[in-house]
Ligand SMILES: Cc1cc2nc3c(=O)[nH]c(=O)nc-3n(C[C@H](O)[C@H](O)[C@H](O)COP(=O)(O)OP(=O)(O)OC[C@H]3O[C@@H](n4cnc5c(N)ncnc54)[C@H](O)[C@@H]3O)c2cc1C
């Protein structure tokens, strides 16, 4: 059993659709998804994937509380790959969940092995492929981060391509008249998407220079004219870019730190396993 409001859901790939050079949408289905209950916005969940050559992700008995310890005890090369993703959309009748994967290291010029396992899986996913989602069984759950406090006059959003699905979910959730300023960084001009937004929203797309080490987000925000009133900021993407953005907003712009929700979705040079281990070690010390 998984504590609280989360459960394991077996799923299969129903279809895939390329959204642009970087993003691919994978639609999951299966009878168990009838119990999956996304809270919308930036709803995240844990995704278990098979390694190349495996028919299904290898997980230990998931009925007990000790599944995580048992999963870690399995050989790394065999146990399911565990990564965090966002619910881009959920539909009923039939039960379907869309997840948008940012592909990295999968291009024709990338050396073999350049892609992380999740990116590699997504690039090759085909209908019928199996995955397991550890996600919400209740829409009200703690894996939704976007929570503007009372007194918010306007919303600032900043994301790279990994957080674009979450940003899309947030825009869909907000009332059409919300004042929103959004900055989105993508690797390629053809990654720019139509996003749902009301008349109060302004979306700025930033295309990263090929091979650029840094993010253009901070520079764009530094030169932006921001609306008056009390903001709520939601920032997600590469960890050091997100940290720099948060620092700028709190120190230079004077945004109250309690009004900034920020999340490093990935860190250059570190796999998600490494990030999870670091977090676990920090929590234990
Ligand atoms: C709450 C949350 C929600 C997320 N939602 C999404 C989502 O909806 N869609 C999505 O695409 N990602 C999302 N991510 C990010 C995703 O989990 C990471 O990008 C993850 O590292 C991908 O796993 P991987 O196996 O491909 O690479 P890993 O094995 O984790 O990493 C291998 C190497 O690739 C690098 N790397 C990882 N991601 C990228 C990238 N995008 N570009 C360039 N290099 C990279 C790492 O720094 C590392 O050096 C989310 C992360 C979090 C924490």
What is the angle, in °, between the Cα long axis of helix 272-284 and the longest principal axis of the Cα atoms in the chain? Nearest 10 is fine, range 0 to 90. 80
Quickly rank 136-148, 94-106, 36-48 as a protection proxy: mean count of other C-beta atoms within 10 Å, highest first. 36-48, 94-106, 136-148
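Of the beta bridges DSSP finds with both residues in the chain, what % are antiparallel, to the nearest 5? Can you show the working numbers first?
Details: 33 of 58 bridges.
Roughly 55 percent of the beta bridges in the chain run antiparallel, per DSSP.
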Residue among 179, 242, 204 with the largest mean-square fluctuation in a Gaussian network model of the chain, springs linking Cα atoms under 10 Å: 204
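Please grab the % of Cα pairs in segment 154-266 that end up more than 18 Å from each other.
Numbers: 2859 of 6328 pairs.
So the pairs more than 18 Å apart make up 45 percent of the total in segment 154-266.
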Most mobile listed residue (67, 266, 205) in the chain, GNM with C-alpha springs under 10 Å: 67
Angle check, please: helix 164-173 long axis (alpha carbons) against the longest principal axis of the chain (alpha carbons), in degrees 0 to 90, nearest 10. 70
For the chain, count the residues as N, evaluate 2.2 N^0.38 Å, and divide the Cα radius of gyration by that value, please. 1.00
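Bear in mind that the values in this text are calculations on the coordinates, not laboratory data. Worth saying up front: this structure is predicted, and the values here are computed from it rather than measured. Quick reminder, even Gly has a Cβ in these numbers, built from the backbone with ideal geometry, and neighbours come from all protein chains shown.
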